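Just so you know, all these numbers are worked out from the coordinates, no wet-lab data involved. A quick note: this is a predicted structure, and the numbers were derived from the prediction, not measured. Note: ideal-geometry Cβ built from the backbone for every residue, glycine included; neighbour counts use all protein chains shown.
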Amino acid sequence: MNKNVLETAVKKAIMAFKTVGVHSASFPSALMELQESVQHLTAENMGLHESMSGRIYPSRYPMTHIDVFESKDVSIGIFVLHSDPEGKIPLHDHPGMHGILKVIHGKVTVNTYTRDNIIVDSSKGVKYCAKKWPPLLVTSRSSPLIVSPHSPNIHSIDFTSGENNINYAAFVDFLSPPYYVSDSGPECNYYAVENDDDMIGNEDPSEDGSYFCYLKKTKCPSYYCNDNAAYCGPRVLDMIENQP
């Protein structure tokens, strides 16, 4: 288990989100450096299979969360989506947040939306106009995905397949600022796609495969639940304490 790979990513995350800061002109290049370092994270150097060893399948829960590290500046976690019951993270947003997602095992399908400022107050309640982008199949060989306040910030993530006869998919998530860092910190909103007859341009997708639709805020779906597993990878606090 090579702790240097994770150590580099952790230090790059602290540099980007704490030392440089999101409002600095240098932040885009710092975020790109973090993305490049996260690219090298794997199931092996994150201790994923050790964390998941001895578990009984089919799982009682569709998802397992592994808490790697959290400070007021950044959180790092591993999300494991099971095949039975099928794991899926519902459509949600990251208000005012930056994030990097790296699949380290198996394959997931990511559906992304960019919400417009147009709000339609109909008889069915408030709806938001949004652009739906083509689904992304993301594997352990894919480059990390970046989420920012200005990118396709609303997304869902579904289990697609496992790998090497291990029937779960897993990804590492870097988020800044973390959820619930304070009483006034960012909170996650959940959305549902409105399949109304008055969809905007739904019958005529653009050349890039995107189209407009309506989204409506909703409660967290009842299927979205998880258990937790202990993190078995390199200790992150040691990396931070030893940082010059």
- prompt: Where in the chain lies the longest segment free of trypsin sites (Lys or Arg not before Pro) that are both loop residues by DSSP (not H, G, I, E, B) and have at most 10 other Cβ atoms within 10 Å?
  reply: 1-140
- prompt: For helix 27-38, what angle does its Cα long axis make with the longest principal axis of the chain, in degrees from 0 to 90 and rounded to 10?
  reply: 60
- prompt: What order do you get for MET52, MET15 when you list them from fewest to most C-beta neighbours inside 10 Å?
  reply: MET15, MET52
message: Please compute the modelled spin-label separation between GLU86 and TYR224, points set 7 Å along Cα→Cβ, answer in nm with one decimal.
response: 1.8
task: Enumerate the calculated ³J(HN,Hα) couplings along segment 79-85 in order (Karplus 6.51 cos²θ - 1.76 cosθ + 1.60, θ = phi - 60°), each rounded to whole Hz, writing x wherever the residue is Gly or Pro.
output: 10, 10, 9, 8, 7, 8, x
query: What pairs in LYS102/LYS217; LYS131/LYS217; LYS88/LYS132 have C-alpha atoms more than 23 Å from each other?
result: LYS102/LYS217
query: Hey, rough spin-label estimate for MET32 and SER151, points 7 angstrom out along Cα→Cβ, what's it come to in nanometres?
result: 1.4
- line: the chain: relative contact order from alpha carbon pairs under 8 Å, six or more residues apart, as a whole percent, is 27
- prompt: Quick one: Karplus J couplings for segment 112-118, per residue in order, coefficients 6.51, -1.76, 1.60, θ = phi - 60°, nearest Hz, x for Gly and Pro?
  reply: 10, 9, 10, 7, 8, 7, 6
message: Here are labelled values, (i) 21.3, 70; (ii) 18.5, 59; (iii) 22.9, 74, and one is the computed Rg and Dmax of the Cα atoms in Å for what I pasted. Which one?
response: (ii)
query: How large is the charge dipole for the chain, taken about the Cα centre, if only the Cβ atoms of Lys, Arg (+1) and Asp, Glu (-1) carry charge, to the nearest 20 debye?
result: 360
field: Karplus-derived 3J(HN,Hα), 6.51/-1.76/1.60, for each residue of segment 46-59, Hz, glycine and proline x
entry: 9, x, 4, 5, 5, 5, 9, 5, x, 7, 9, 10, x, 6
message: Starting from the 7 Å offset along Cα-to-Cβ, what nm value, one decimal, do you get for the label separation of ALA25 and ILE56?
response: 6.1
